[in-house]
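Data block below; observations after.
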Amino acid sequence: MKIAVIGCGNMGGALVKGWAKAGMSANLIVTARTQETLDSISKACPDINVMPDNRLAAAEADVVVLAVKPWLVQQVMEEIMPELGDKLVVSVAAGIRHERIDVYAMPNIAAEFGESMTFVEEAPQASVTAGLFAKVGQCRIVPQRLMDAGMMMSGCGIAYVMRFLRAMMEGGVEMGFYPDDAKQIAMQTMQGAISLLRETGLHPEAAIDKVTTPGGITIKGLNELDHAAFNSAVIRCLKAGLKKIKVNSE
Ligand SMILES: NC(=O)c1ccc[n+]([C@@H]2O[C@H](COP(=O)([O-])OP(=O)(O)OC[C@H]3O[C@@H](n4cnc5c(N)ncnc54)[C@H](OP(=O)(O)O)[C@@H]3O)[C@@H](O)[C@H]2O)c1
């Protein structure tokens, strides 16, 4: 199945590199606006077919994945429409609908490393689409009402997790570690916490009980987070994005 990825920036590029690592290079066609981007993707993934012509790419593909900025979707769709026939058209562009787009998907840039958390909106061809995104991480098919929430938790969530890591790093530096060491320590701690939940299936609060001695030091830090309304801040962070999406679509 040939896949044309239209737009090869942060998201399109991550998908292409992830699919290439999954052994799909021979089936990938990639376009971008500038030769510079095409050269850079060719350098990273030499076996991929790159071209500047969206229409030609669409003509040669069975599946077209739109990964341009949302405000360019309409223009690109008009350009490639004559070539679409009954091809599967998937869009990862946030918040933009078009009558000829078959499936909406919301991956994240960890797709490059096979670690995306992708949401695919329920649709007749959602399973085929989910099969593609499952090559670059985990994928869930969800009803339309959960797509924006999925985007906030996963697409945007990467940024929120980075902020938490940065905060841990800064705390580590203040306590005496060099920044690179603090980064490695924060990352490995997060990795360990994730493995703990994955391997045991525990609820995070049950895992917290395992490292919290009554009257000890962990609970002091946890209570400081509560005094600073950490939980509430994270929930509000996710819902603030949702509010903005609603305002934009009104
Ligand atoms: N970034 C994320 O974490 C993320 C997550 C989920 C979904 N998305 C969605 O992914 C889409 C792309 O976002 P992005 O962050 O990847 O943007 P980006 O880094 O700016 O990449 C956009 C790409 O589109 C190319 N492009 C521009 N005009 C084009 C045209 N007419 N024909 C073909 N290609 C064209 C650009 O080419 P040049 O490089 O040559 O300029 C660039 O490679 C957005 O709709 C966004 O909502 C992004």
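Read-outs: derived from the displayed coordinates by stated rules, not from any lab. These numbers come from a predicted model, not from an experiment. No Cβ is skipped: glycine too gets one built from the backbone with ideal geometry, and neighbour counts run over all protein chains shown.
Per Stokes-Einstein, at 4 °C and 1.567 mPa s, what whole-number D in µm² s⁻¹ belongs to the range 7-143, with the Kirkwood radius over Cα pairs as the hydrodynamic radius?
88 µm²/s
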*asked:* Which order do the peptides 168-177, 17-26 come out in when sorted by mean C-beta neighbours inside 10 angstrom, highest first?
replied: 17-26, 168-177
_Order by protection proxy (mean Cβ within 10 Å, highest first), peptides 185-192, 202-209_ = 185-192, 202-209
*With r as the distance between the Cβ atoms of Thr213 and Lys21 and R0 = 51 Å, compute the FRET efficiency 1/(1 + (r/R0)^6) and round to 0.05.*
0.75
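Multiplying the sequence separation of Asn10 and Ala44 by 0.36 nm and subtracting their Cα-Cα distance, what value in nm do you get?
Contour length minus Cα-Cα distance gives 10.9 nm.
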*With r as the distance between the Cβ atoms of Glu199 and Asp226 and R0 = 22 Å, compute the FRET efficiency 1/(1 + (r/R0)^6) and round to 0.05.*
0.20
*Report, by chain and number, residues whose modeled amide H sits under 5 Å from the one on Val30, excluding near sequence neighbours (fewer than 5 apart, same chain).*
Val5, Asn49, Val50, Met51
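If r is the Cβ-Cβ distance from Asp86 to Leu56 and R0 is 22 Å, what FRET efficiency results, to the nearest 0.05?
Working from the Cβ atoms, E equals 0.75.
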*Mind listing P(r) for the range 1-46? All alpha-carbon pairs, 10 Å bins, whole percents.*
30, 63, 7
*asked:* Spelling out what I want: for every residue of the range 114-131, take phi, set θ = phi - 60°, compute 6.51 cos²θ - 1.76 cosθ + 1.60 (Karplus), and round to whole Hz; glycine and proline get x.
replied: x, 10, 5, 10, 9, 10, 10, 6, 3, 6, x, 9, 5, 5, 4, 4, 4, x
*Note the full-extension length gain between Glu170 and Leu72 as 0.36 nm times their separation in residues minus their Cα-Cα distance, in nm to one decimal.*
31.4 nm
*Could you work out how far helix 230-249 tilts from the main Cα principal axis of the chain, as a 0 to 90 degree angle to the nearest 10?*
20 degrees
*Given H placed on each backbone N at 1.01 Å, which residues far from Cys139 in sequence or on other chains put an amide H within less than 5 Å of it?*
Thr118
_If you fit an axis through the alpha-carbon atoms of helix 73-84 and take the longest principal axis of the Cα set of the chain, what angle between them do you get, 0 to 90°, nearest 10?_
50 degrees
*Computed over the Cα atoms of the range 181-221, what is the ratio Rg over Rh, Rh following Kirkwood?*
1.03
_Val89 long-range amide H proximity, modeled H, under 5 Å_ = Val64, Asp102, Val103
*Please work out how much length the chain gains when fully extended from Arg140 to Ile245, using 0.36 nm per residue of separation minus the C-alpha to C-alpha distance, in nm with one decimal.*
35.7 nm
_Estimated [θ] at 222 nm from DSSP helical runs (n ≥ 4, -39500 (n - 2.57)) normalised by residues in the chain, nearest 500_ = -16000 deg cm²/dmol
